[in-house]
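Colleague: Before we start, here is the structure in question, set down as structure tokens.
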Amino acid sequence: IRLSLVGSEMCIRDRLYSVTETARKHLDDYEITKAARALSDYMIDDVSNWYVRRNRRRFWKSESGKDKLAAYQTLYEVLMVFSKLIAPIAPFISEEIYLNLKKEDEPESVHLCTFPEITDREKRLKDQALEDRMGMAQKVVSIVRALRNDQQIRVRQPLSQLSFFVKSNQQKDDIQQMKQIICEEVNVKMIKFVDDENDLVVKSAKPNFKVLGAKVGKLMGQLGGVIKAFNAQQINEIEMDGHTNVYIDGHEMKLTDDDVEITAQPKENLAVYSEIGLVIGLNLELTDELIEEGLAREFVNRVQNFRREAGFDVTDHIIIHVGDIPDNMQKAISNQKAYICNETLADEIKFEG
């Protein structure tokens with residue numbers, strides 16, 4: 001049976017086509033390390049940490065259906081092709097994967113299979129735009145997780161807003177189309193676009209004395225004052241164009257981006273990542289509602305750990321007994337009862353403290 005695949009199925013399959021072409025090229029050129037690295041990155045970053053993790057509810061749900069079948073069928077195809085791709089590099093583990101998955105009418109060993117090659121039809125079906133959008137989403141998620149880590153805010157703690165300043169219309173469109181995935185992955189309530197990066201950061205400039213000293217000599221003092229007084233427009237000009245012009249004692253002087261050091265400080269209650277043409281601002285302000293939801297998520301995580309330790313099946317229903325806990329925690333559990341019960345398959349929560 002073959003289903004019409006959409007969304008995450010199409011993307012992970014398209015990435016499989018891309019990594020197949022990449023691996024073939026590197027192996028043809030006897031670049032074994034490059035081929036192995038491309039295959040490893042695909043399996044760890046795209047398959048395990050992204051596709052499988054994001055679709056775990058579809059894999060685990062008890063009822064059968066087209067949605068669950070599509071998830072399993074896609075993973076089956078990925079693992080079968082992957083086992084053949086790694087066969088020249090990892091002959092034993094590839095054989096183990098293949099033998100666990102192969103059908104009766106297929107070759108008895110992965111080493112008797114034809115090495116994967118992308119057909120013309122598959123090349124036509126490949127959606128590069130979708131692959132690029134998913135890649136953009138993964139990049140944003142990685143950046144925001146790093147911002148959370150720097151601020152020591154766990155991903156289980158919801159935050160209110162993620163703001164973007166982007167100069168590329170394509171990047172903006174990619175983020176807009178992937179906003180639901182991004183919000184789910186980094187646990188924020190909404191995404192907002194701003195028209196001016198100065199809404200997210202305060203930029204300032206200072207002279208690069210090591211470079212400018214040899215160029216301007218005695219004018220360094222005056223020039224330093226001019227550079228420190230740069231406004232947002234001048235800083236933007238030197239960042240985008242690589243140069244700007246200033247006047248000292250009536251003489252025009254051209255400054256390049258090597259002559260000036262630009263720093264960016266986040267606005268209040270923001271953690272910011274900045275590169276040319278892209279600024280991401282994570283709102284760190286926590287309301288009572290967000291704190292409660294974060295406590296409920298931590299509680300769910302503890303209960304799920306207890307379930308695993310006790311050997312419960314993922315479909316088993318439970319009753320949660322809660323002992324003596326702080327008032328704020330009890331309030332959070334009470335207010336978030338429906339969410340907690342749904343996540344943990346709890347029929348009831350009893351407070352016994």
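The values are calculated or read from the model by the stated rules, or taken from the named source; none is laboratory data. The structure presented is a predicted model; accordingly, all values stated were derived computationally and were not measured. Positions of Cβ are generated from backbone atoms using ideal geometry, with glycine treated the same way; all protein chains shown enter the neighbour counts. Side chains included, ligands, DNA and RNA excluded: accessible areas come from the protein's heavy atoms. Shrake-Rupley method; radii C 1.70, N 1.55, O 1.52, S 1.80 Å.
Colleague: Just give me the residues in the range 302-327 being under 32 Å from the mean Cα position of the chain (by Cα), exposed (fewer than 14 other Cβ atoms within 10 Å of the Cβ) and over 17 Å from W60 (Cα atoms), in sequence order.
Modeller: Passing the criteria: R302, F306, E309.
Colleague: Name the pairs whose Cβ atoms lie under 8 Å apart, with the first residue in the range 25-53 and closer than 26 Å to Q73 by Cβ, the second of a type in the set (K, R) and part of a helix (DSSP H, G or I), and 6 or more positions between them or separate chains?
Modeller: Once the first residue is closer than 26 Å to Q73 by Cβ and sits in the range 25-53, its partners that are of a type in the set (K, R) and part of a helix (DSSP H, G or I) give Y42/R15; D46/R15.
Colleague: Right, next: Considering only residues that are among the hydroxyl-bearing types (S, T, Y), outside any loop (DSSP other than H, G, I, E, B) and open to solvent by 40 Å² or more (accessible area, probe 1.4 Å), look in the range 12-47 and name the one that is nearest to S83 (Cα to Cα).
Modeller: S40
Colleague: Identify all residues within the range 60-101 that are more than 26 Å from the chain's Cα centre (by Cα) and of a type in the set (F, W, Y); write none if there are none.
Modeller: F92, Y98
Colleague: Something else about it: Among the candidates A271, A346, single out the residue that is farther than 30 Å from L212 by Cβ, touching a strand residue (DSSP E or B) at 6+ places or on another chain (Cβ under 6 Å), touching a residue at least 60 places away in the same chain (Cβ under 8 Å) and not aromatic (F, W, Y).
Modeller: That would be A271, the only listed residue that is farther than 30 Å from L212 by Cβ, touching a strand residue (DSSP E or B) at 6+ places or on another chain (Cβ under 6 Å), touching a residue at least 60 places away in the same chain (Cβ under 8 Å) and not aromatic (F, W, Y).
Colleague: For the condition β-branched (V, I, T), in a helix (DSSP H, G or I) and under 30 Å from Q161 (Cβ atoms), what is the one hit in I262, I235?
Modeller: Exactly one residue qualifies, and that residue is I235.
Colleague: Let me ask something additional. Run A87 past the list (1) open to solvent by 40 Å² or more (accessible area, probe 1.4 Å); (2) touching a Cys at 6+ places or on another chain (Cβ under 8 Å) and report the number of the one that doesn't hold.
Modeller: (1)
Colleague: For the range 48-69, which positions are buried (at least 20 other Cβ atoms within 10 Å of the Cβ) and of a type in the set (A, V, I, L, M, F, W, C)?
Modeller: W50
Colleague: Let me ask something else about it. Under 6 Å between Cβ atoms, which residue pairs at least 6 apart in sequence (or on different chains) link something in the range 124-137 that is more than 15 Å from E9 (Cβ to Cβ) with a partner that is open to solvent by 20 Å² or more (accessible area, probe 1.4 Å)?
Modeller: A137/I181
Residue-by-condition table, conditions (1) surrounded by 13 or more Cβ atoms within 10 Å (Cβ to Cβ); (2) out of contact with any helix residue (DSSP H, G or I) (no Cβ under 7 Å at 6 or more places or on another chain); (3) hydrophobic (A, V, I, L, M, F, W, C):
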position: G242; (1), (2), (3): no, yes, no
position: M253; (1), (2), (3): yes, yes, yes
position: D259; (1), (2), (3): yes, no, no
position: N269; (1), (2), (3): no, yes, no
position: V272; (1), (2), (3): yes, yes, yes
position: L278; (1), (2), (3): yes, no, yes
position: N283; (1), (2), (3): yes, yes, no
position: E292; (1), (2), (3): yes, no, no
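Colleague: Taking into account only those residues within the range 124-148 that are open to solvent by 70 Å² or more (accessible area, probe 1.4 Å), over 14 Å from the mean Cα position of the chain (by Cα) and of a type outside the set (D, E, K, R), which is modelled with the lowest pLDDT?
Modeller: The extreme case among them is L125.
Colleague: Just to check your reading of the model, which residue among S204, S142, S168, S109 is out of contact with any Asp or Glu (no Cβ under 8 Å at 6 or more places or on another chain), hydroxyl-bearing (S, T, Y) and under 30 Å from L79 (Cβ atoms)?
Modeller: On inspection, the qualifying residue turns out to be S142.
Colleague: Another question, then. Before we move on, is Q151 farther than 30 Å from R24 by Cβ, polar (S, T, N, Q) and surrounded by 14 or more Cβ atoms within 10 Å (Cβ to Cβ)?
Modeller: It is false that Q151 is farther than 30 Å from R24 by Cβ, polar (S, T, N, Q) and surrounded by 14 or more Cβ atoms within 10 Å (Cβ to Cβ).
Colleague: Suppose we filter E104, E96 for residues that are farther than 24 Å from C11 by Cα, open to solvent by 80 Å² or more (accessible area, probe 1.4 Å) and at pLDDT below 95; which single one remains?
Modeller: Going through E104, E96 in turn, the sole match is E104.
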